[in-house]
Amino acid sequence: MQLRDYQQENAEKLRMMLVRNKCAYFVAEMRTGKTITALHVATLLMGEQPTFRVLFITKKGNPADSVKADIEMYQPDYYIEVINYESCHKVDTHPRWDLIITDEANEKISSYPKQSENFKKVHNLFDEHTHHLLLSGSPHPESMSQLFHQFQVGYNGPFADFGHKKTAFYQWAKEYVNVTKKEYRHGIVNDYSDAKKEEIMDMVGRFMLTFTQKQAGFEIEVNERREYCTPKESTTWLVKKLMKDRVYEGKTGAVILADSVTKLRQKVHQITSGTIITDNKGTVELDTFKVDHIKREYAGKKIAIFYKYVGEYDMLNNHFPNNTKSDQEFNASNDMVFLGQMTSNRSGVNLMTADTLIYFNVDDSCTTYIQGRQRLSNLKRTKPIDVVFLLTIGGIDEKIYNIVSQQKANYSNAVFLKDFGLGQQTQQMGLF
């Protein structure tokens with residue numbers, strides 16, 4: 001296949017980084033061709049070697065399918081295997097891997113202060129000579145402390161001197177983090193989110209290559225708007241009932257229990273968009289007001305819908321039977337509706353042929369907001385990107401949207417209690 005000029009240039013820059021450091025982080029905005037660029041990096045790194053083994057680690061589902069489709073187009077001369085993070089323990093390490101690519105590493109191996117299970121699985125695939133190429137559009141969306149384990153999963157990153165023991169992050173934090181205290185119900189713990197940005201960038205700068213959509217020539221504007229939907233009175237009543245009593249038992253025996261702040265927030269969040277997972281009767285469809293809005297306002301349009309909860313998928317699947325979870329199948333069709341879970345589909349998914357991306361609900365993660373709304377971006381797209389957030393009048397979803405979109409922060413239990421004036425009352429009930 002014919003690569004774009006900027007993809008070839010970026011691949012050569014990354015090759016040089018890998019030759020010098022055996023580690024490189026390609027930070028590229030969505031739809032600029034990270035995967036194809038990475039595949040070409042491997043070709044350049046292989047050079048005249050008779051054999052070369054590449055392991056491409058990505059998220060399962062659509063992202064993995066998309067990578068495999070790109071490999072099919074690129075037709076590399078080297079051996080390449082695609083695996084998801086959860087299945088890394090199944091990968092054979094004999095013979096060794098020449099290059100390991102960790103896709104969306106910020107989502108899968110960036111947790112701190114403790115090493116995640118994914119970190120341990122991936123780290124076991126490296127040796128001291130393995131080249132490591134990281135890919136992401138937003139490598140540290142919440143804190144630069146997220147960079148440590150992403151680099152440390154290999155052997156040759158900027159913080160290699162700290163080693164790979166379970167205590168490595170804590171030793172690193174003494175030098176690169178302003179450690180503070182945070183109080184929770186179970187006690188006071190150290191907070192490692194206030195990383196020293198300048199000191200960290202001094203170390204990681206030579207390992208990172210950044211590339212934007214503007215540099216690639218994207219000039220498509222994003223039209224984002226809110227559309228308000230009115231729920232049934234019974235839906236609003238149920239939310240108020242649950243906030244007051246923390247439990248509800250329906251006439252059919254269905255029980256909704258909210259005996260902690262997290263449960264209360266999640267149950268309210270579900271109900272606000274018309275579904276609920278009860279504690280004894282499974283998923284219940286309460287109110288189709290958002291589905292009715294979509295049918296009324298977007299009839300005849302090619303739409304992609306992002307949902308949050310399983311109950312929302314069940315409802316959407318029932319009311320839009322001509323649907324798919326495959327972005328490739330969606331882009332090849334004229335009338336199918338794409339249904340995607342907003343967290344798992346916020347990266348690695350291409351919805352360029354959609355007229356409109358509809359958020360059926362709002363996730364409480366600012367990362368999901370930032371990344372997901374770019375799923376329609378593509379150099380071949382000529383019309384503006386149309387993104388719609390369906391919000392419930394008087395609902396929690398609008399409050400979440402305001403936090404993630406305006407403050408670029410996550411919606412937490414503390415914010416929830418403050419928003420609904422539940423702080424003192426909830427503490428008295430021993431829920432927080």
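The values are calculated or read from the model by the stated rules, or taken from the named source; none is laboratory data. Since the structure is predicted, the reported quantities are computational estimates derived from the model, not experimental observations. Here the Cβ positions follow ideal geometry from the backbone for every residue, glycine too, while neighbour counts run over all protein chains shown.
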task = Filter the range 255-272 for residues that are in contact with a Ser or Thr (Cβ under 7 Å, 6 or more places away or on another chain) and under 27 Å from LEU357 (Cβ atoms) and give the result.
result = ILE271, THR272
task = State which residue is modelled with the highest pLDDT when the search covers only the range 392-432 and only residues that are basic (Lys, Arg) and closer than 18 Å to ARG226 by Cβ.
result = LYS399
request  = Please identify the pairs in which a residue from the range 291-307 that is closer than 11 Å to ALA354 by Cβ has its Cβ atom under 6 Å from the Cβ atom of a residue that is outside any strand (DSSP E or B) and charged (D, E, K, R), counting only partners at least 6 apart or on another chain.
outcome  = LYS301/ASP355; LYS302/ASP355
request  = Give the residues of the range 122-143 that are at pLDDT 95 or above and either surrounded by 19 or more Cβ atoms within 10 Å (Cβ to Cβ) or assigned by TED's automatic domain parsing to the domain that holds GLN371 (or both), sorted by residue number.
outcome  = VAL122, LEU125, PHE126, THR130, HIS131, HIS132, LEU133, LEU134, LEU135
message = Looking at the range 228-256 only, could you name the residues that are free of Cβ contacts under 8 Å to residues at least 60 places away in the same chain and part of a strand (DSSP E or B)?
response = VAL247, TYR248, GLU249, VAL255, ILE256
request  = Please go through the range 217-246 and pick out each residue that is modelled with pLDDT of 95 or more and farther than 30 Å from TYR298 by Cα.
outcome  = none
ask   = Within the range 283-307, how many residues are under 19 Å from VAL239 (Cα atoms) and touching an Asp or Glu at 6+ places or on another chain (Cβ under 6 Å)?
value = 1
ask   = Quick check: is even one residue across the range 47-69 in contact with a Lys or Arg (Cβ under 8 Å, 6 or more places away or on another chain), surrounded by fewer than 16 Cβ atoms within 10 Å (Cβ to Cβ) and assigned to a helix (DSSP H, G or I)?
value = no
key: Residue list for the range 230-275, restricted to those being among the β-branched types (Val, Ile, Thr) and crowded, with 18+ Cβ neighbours inside 10 Å   = THR235, THR236, VAL239, ILE256, VAL261, VAL268, ILE271, THR272, THR275
key: Residue match in the range 287-299 (condition: part of a loop (DSSP other than H, G, I, E, B) and of a type in the set (Phe, Trp, Tyr))   = yes
note = Over the range 166-196, the set of residues assigned to a helix (DSSP H, G or I) and either at pLDDT below 95 or among the polar types (S, T, N, Q) (or both) is GLN171
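Out of curiosity, is ASP259 in a loop (DSSP other than H, G, I, E, B) and of a type in the set (Asp, Glu)?
Judged against the criteria, ASP259 is a match.
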Members of the range 157-178 found to be among the hydrophobic types (A, V, I, L, M, F, W, C) and surrounded by fewer than 16 Cβ atoms within 10 Å (Cβ to Cβ), listed by number = none
query = When you go through (1) in a loop (DSSP other than H, G, I, E, B); (2) under 23 Å from GLY205 (Cβ atoms); (3) not polar (S, T, N, Q) one by one for ILE101, which number turns out not to apply?
reply = (1)
message = Contact list please: Cβ distance under 6 Å, first residue in the range 347-366 and at negative phi and in contact (Cβ under 8 Å) with a residue 24 or more places away in the chain, second residue of a type in the set (Gly, Ala, Ser) and part of a loop (DSSP other than H, G, I, E, B), pairs at least six apart or on different chains.
response = ASN361/SER273; CYS366/ALA409
message = Given the condition within 23 Å of ALA28 (Cβ to Cβ), of a type outside the set (A, V, I, L, M) and surrounded by fewer than 22 Cβ atoms within 10 Å (Cβ to Cβ), answer yes or no: does some residue in the range 94-101 qualify?
response = yes
query = So which residues in the range 168-223 are of a type in the set (S, T, N, Q) and free of Cβ contacts under 8 Å to residues at least 40 places away in the same chain?
reply = GLN171, ASN178, THR180
message = Among the residues of the range 321-364, what is the count of those that are touching a Gly at 6+ places or on another chain (Cβ under 7 Å) and among the aliphatic types (A, V, I, L, M)?
response = 2
Qualifying residues in the range 82-93 (those that are within 13 Å of THR58 (Cβ to Cβ) and polar (S, T, N, Q)) - the one surrounded by the fewest Cβ atoms within 10 Å (Cβ to Cβ) = SER87
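Does GLN213 satisfy being closer than 30 Å to GLY33 by Cα, of a type outside the set (Asp, Glu) and either surrounded by fewer than 20 Cβ atoms within 10 Å (Cβ to Cβ) or not assigned by TED's automatic domain parsing to the domain that holds GLY395 (or both)?
It is true that GLN213 is closer than 30 Å to GLY33 by Cα, of a type outside the set (Asp, Glu) and either surrounded by fewer than 20 Cβ atoms within 10 Å (Cβ to Cβ) or not assigned by TED's automatic domain parsing to the domain that holds GLY395 (or both).
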task = Might you let me know whether the range 325-343 holds any residue that is modelled with pLDDT of 90 or more, assigned to a loop (DSSP other than H, G, I, E, B), in contact with a strand residue (DSSP E or B) (Cβ under 7 Å, 6 or more places away or on another chain) and more than 30 Å from GLN213 (Cβ to Cβ)?
result = no
task = Output the residues belonging to the range 384-404 that are in contact (Cβ under 8 Å) with a residue 40 or more places away in the chain and of a type in the set (S, T, N, Q).
result = THR392
